[in-house]
1. How big is the charge dipole of the chain about its Cα centre, in debye rounded to the nearest 20, if each Lys and Arg gets +1 on its Cβ and each Asp and Glu gets -1 on its Cβ?
2. Measure up K43/K109; K15/K182; K109/K198; K109/K181; K60/K109; K116/K198 against 25 Å on the Cα-Cα distance and list the ones that go over.
3. Find out how many positive minus negative residues lie around I105, taking Lys and Arg as positive, Asp and Glu as negative, among other residues whose Cβ is under 12 Å from that of I105.
4. How high is the FRET efficiency from F185 to Q2, r the C-beta distance, R0 25 Å, rounded to 0.05?
5. Taking only protein heavy atoms and a 1.4 Å probe, what accessible area per residue, in Å², does segment 1-91 have with all protein chains in place?
6. Could you tally the net charge around L47, taking each other residue with its Cβ under 10 Å from the Cβ of L47, Lys/Arg +1 and Asp/Glu -1?
7. Could you compute the net charge surrounding T192? Neighbours are other residues with a C-beta less than 10 Å from the C-beta of T192; K and R count +1, D and E count -1.
8. Once you mark the trypsin sites (Lys or Arg not before Pro) that are in a DSSP loop and have at most 15 other Cβ atoms within 10 Å, what is the longest gap between them in the chain?
Amino acid sequence: EQKNKLLKSFFESDKEFIYLGIYEKNGEDLVNKREVFNEEELKLTSLTEEDFHNVVKRNKGLFAEAFSGQPVLINSSPGFQEPSFAIAIPTEENGKLDNILVMIIKLEKIIDAFEKKGIETTFLVNGAGIVIAHPKEDLVLSATDLSSMPIVRTMLTSAAATGQTSYLDEELKSQFLGSFKKIGFADTGVVTIVSEDKAFEAVYNIQKRNIYIMGIGLCIAL
């Protein structure tokens, strides 16, 4: 009864957490030892317990990397009904890192921070360059790999925690400014990009106005 009350309180406080499970490794497989579901979420959607188990099965190779002692963050949206991400955190039992805690969390927990609100686009990628959160939902649902994007590639290969660069987008044939900030968890980073034309639009307008003023001044002088 105490356990049920505690779980109810937890899921009421953090409705976006929809699954937690403890797993141990058995060869190439992950074996579930304990798990809890957000029962209210199961009632509101057509999600079943098997859907959560399938997420773990599909990504068992990635989750298994957490047994090395480093947390893992993945996009769990493909094949799942909810835009979501999953975290695997190594946990100790009997003094050994022989368990991992797997959490599946609805993307709405963090998506507000990545809504497009100006000329820039901000998104979250994991240590492999896979989209975790992005203003374009289709990129999230397909777990798009953005590692080929110059600013993302720079982030993945840089030892620095922050950085910025100017680069040419080969697909859009346009110059962009990009910056990144590693958040210090599971090699994940936040990336912001903006078109140079849009970024310098105000500067260009000032330059044009100065030219007009200079032209008027010359005409008056003549």
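The values are calculated or read from the model by the stated rules, or taken from the named source; none is laboratory data. Given the structure is predicted, the values throughout are model-derived calculations rather than measurements. All Cβ positions, even for glycine, are placed from backbone atoms using ideal geometry, and neighbour counts span all protein chains on display. SASA here: full protein model, heavy atoms, side chains in, ligands and nucleic acids out. Shrake-Rupley method; radii C 1.70, N 1.55, O 1.52, S 1.80 Å.
1. Around 660 debye, computed over the chain.
2. On the way: K43/K109 19 Å; K15/K182 27 Å; K109/K198 30 Å; K109/K181 20 Å; K60/K109 23 Å; K116/K198 14 Å.
Too far apart for the 25 Å limit: K15/K182; K109/K198.
3. Net of charged neighbours comes to -2.
4. Rounded to the nearest 0.05, the efficiency is 0.20.
5. 57 Å²
6. -4
7. Cβ neighbours under 10 Å give a net charge of 0.
8. Working: sites that count: K15, K116, K117, K136, K173.
The longest uninterrupted stretch comes out as 16-115.
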